Amino acid sequence: MKPVNLFLIVMFILSSTALFGQKKEESTFDRAAKYYFQKKFAMAEILFQEVIKKEPERSLAYAYLGDIYLQKKKYDGALNLYNRAIELDPDSAENYFRIGQVYYHKKIGNLSIEYFQKALAKDEKIKVAYYHIGLSSLMLLRDKEKTIENWETFLRVAPEDPQYDSIRRVIELLKDPNFKIPQAGSDVSIEEALLLGGSTLNKKDRKAQDKKEGHEDKKSKKKIEGIYIEDDL
C-alpha cells in the first residue's frame, strides 16, 4: 500500500479553502442591476452607461438603460436603446414589448400594436401584451371592437390576473350599444364616458349632470392606464 503524502493533502485543503472561501467580486452590471431593481435609477443609469462602454454587446444593459429613459419620458432615447438591444438579441420578446410601450407613450397606436404583436409572436407567455394591444386600440385608435377582442383574449389566457374583475367591468361598459368612444379632443374623456356608464355627454350637459349629482368641481382621477401597468418584465 502506497504511503499517503500528507504535504499534498494539506496543500490541497489550503488551496481549496482559499478558492471557495473567497467572495466573488460583484461586476459593474450586477451593481447596476441591483440599483435598477431597487428603483435607484440615477445610480443605475450611470453604471449601465459604464457597462455599455466596457461591454458594448451586453444587450440587457441597453434594455435596462432604455427602461430608465422610459421612466424619465426620454422616449426617443429609450427607443434607440431598445433597438440596439434587439440588434444584439433579436429573439428577445421583452424588447419588442418595451418598444410597444414607447410607441404607446408617443401616441403612435399602429406601431404600438405592431410591436406588442411582435412580442407575442416571439413568446406567447407575454400574455399582458393582449391587454396593451387593447389599451392602444381604445386610447389611441378609438377602436371599441379591437379593444373588446383583445381584452377578452387577455382574460381568457390570464384568468388569474389580479385586475380581472376591473377589466371585465370595462368590457361590459364598452359592449353597451349606447356607448360611443369620445373622439380625440372631445370635452369628455374616455374615463369620464365610462364613469357615466356609457353616455357621452357634451360639455353643457355634463356640467348639468355634475351639478345634479353633487360633484360639479370634482374630476375623476381614475385612468384606464391605471388598471394594469406592466413596469417589470
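Let me confirm something: among Ala44, Ala78, Ala32, which residue is small (Gly, Ala, Ser), crowded, with 21+ Cβ neighbours inside 10 Å and touching a Gly at 6+ places or on another chain (Cβ under 6 Å)?
Selected residue: Ala78, the only one of Ala44, Ala78, Ala32 that is small (Gly, Ala, Ser), crowded, with 21+ Cβ neighbours inside 10 Å and touching a Gly at 6+ places or on another chain (Cβ under 6 Å).
Looking at region 20-117, what helices (runs of 4 or more DSSP H) fall wholly within it and have at least 1 residues that are small (Gly, Ala, Ser) and within 30 Å of Gly185 (Cβ to Cβ)?
Filter on region 20-117 gives 75-88, 93-105.
From the list Ile133, Ile181, pick out the single residue that is in a loop (DSSP other than H, G, I, E, B) and either buried (at least 20 other Cβ atoms within 10 Å of the Cβ) or among the β-branched types (Val, Ile, Thr) (or both).
Numbers: Ile133 fails: in a loop (DSSP other than H, G, I, E, B).
Every option except Ile181 fails the conditions.
Of all residues in region 174-187, which are hydrophobic (A, V, I, L, M, F, W, C) and modelled with pLDDT under 90?
Scanning region 174-187 gives Phe179, Ile181, Ala184.
Right, Lys73: under 29 Å from Glu55 (Cα atoms), of a type in the set (D, E, K, R), surrounded by fewer than 24 Cβ atoms within 10 Å (Cβ to Cβ) and free of Cβ contacts under 8 Å to residues at least 60 places away in the same chain or not?
Working: under 29 Å from Glu55 (Cα atoms): yes; of a type in the set (D, E, K, R): yes; surrounded by fewer than 24 Cβ atoms within 10 Å (Cβ to Cβ): yes; free of Cβ contacts under 8 Å to residues at least 60 places away in the same chain: yes.
Answer is yes for this residue.
For region 47-70, which residues satisfy the criterion of being in contact with a Ser or Thr (Cβ under 9 Å, 6 or more places away or on another chain), more than 29 Å from Lys107 (Cβ to Cβ), surrounded by 15 or more Cβ atoms within 10 Å (Cβ to Cβ) and not acidic (Asp, Glu)?
Scanning region 47-70 gives Leu47, Val51.
Contact list please: Cβ distance under 7 Å, first residue in region 128-146 and aromatic (Phe, Trp, Tyr), second residue at pLDDT 95 or above, pairs at least six apart or on different chains.
Pairs that qualify, where the first residue is aromatic (Phe, Trp, Tyr) and the partner is at pLDDT 95 or above, are Tyr130/Asn150; Tyr130/Thr153; Tyr130/Phe154; Tyr130/Val157; Tyr131/Trp151; Tyr131/Phe154.
Need the failing condition index for Leu14 against (1) closer than 22 Å to Asp123 by Cβ; (2) at pLDDT below 95; (3) not hydroxyl-bearing (Ser, Thr, Tyr), just the number.
All conditions pass for Leu14, except number (1).
For region 188-201, how many residues meet the condition of being part of a loop (DSSP other than H, G, I, E, B) and modelled with pLDDT under 75?
Selection size over region 188-201: 7.
Please list, ordered by first then second residue, the pairs with beta carbon atoms under 6 Å, 6 or more apart or interchain, first in region 18-31 and closer than 21 Å to Ala61 by Cα and of a type in the set (Val, Ile, Thr), second assigned to a helix (DSSP H, G or I) and at pLDDT 50 or above.
If the second residue must be assigned to a helix (DSSP H, G or I) and at pLDDT 50 or above, the pairs left are Thr28/Leu47; Thr28/Glu50; Thr28/Val51.
Conditions tested, residue by residue: (1) aliphatic (A, V, I, L, M); (2) under 30 Å from Ile181 (Cα atoms); (3) touching a strand residue (DSSP E or B) at 6+ places or on another chain (Cβ under 7 Å).
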position: Lys53; (1), (2), (3): no, no, no
position: Leu65; (1), (2), (3): yes, no, no
position: Leu140; (1), (2), (3): yes, yes, no
position: Lys144; (1), (2), (3): no, yes, no
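The values are calculated or read from the model by the stated rules, or taken from the named source; none is laboratory data. Since we're looking at a predicted model, the values are computed, not measured. All Cβ positions, glycine included, derive from the backbone under ideal geometry; neighbour counts span all protein chains shown.
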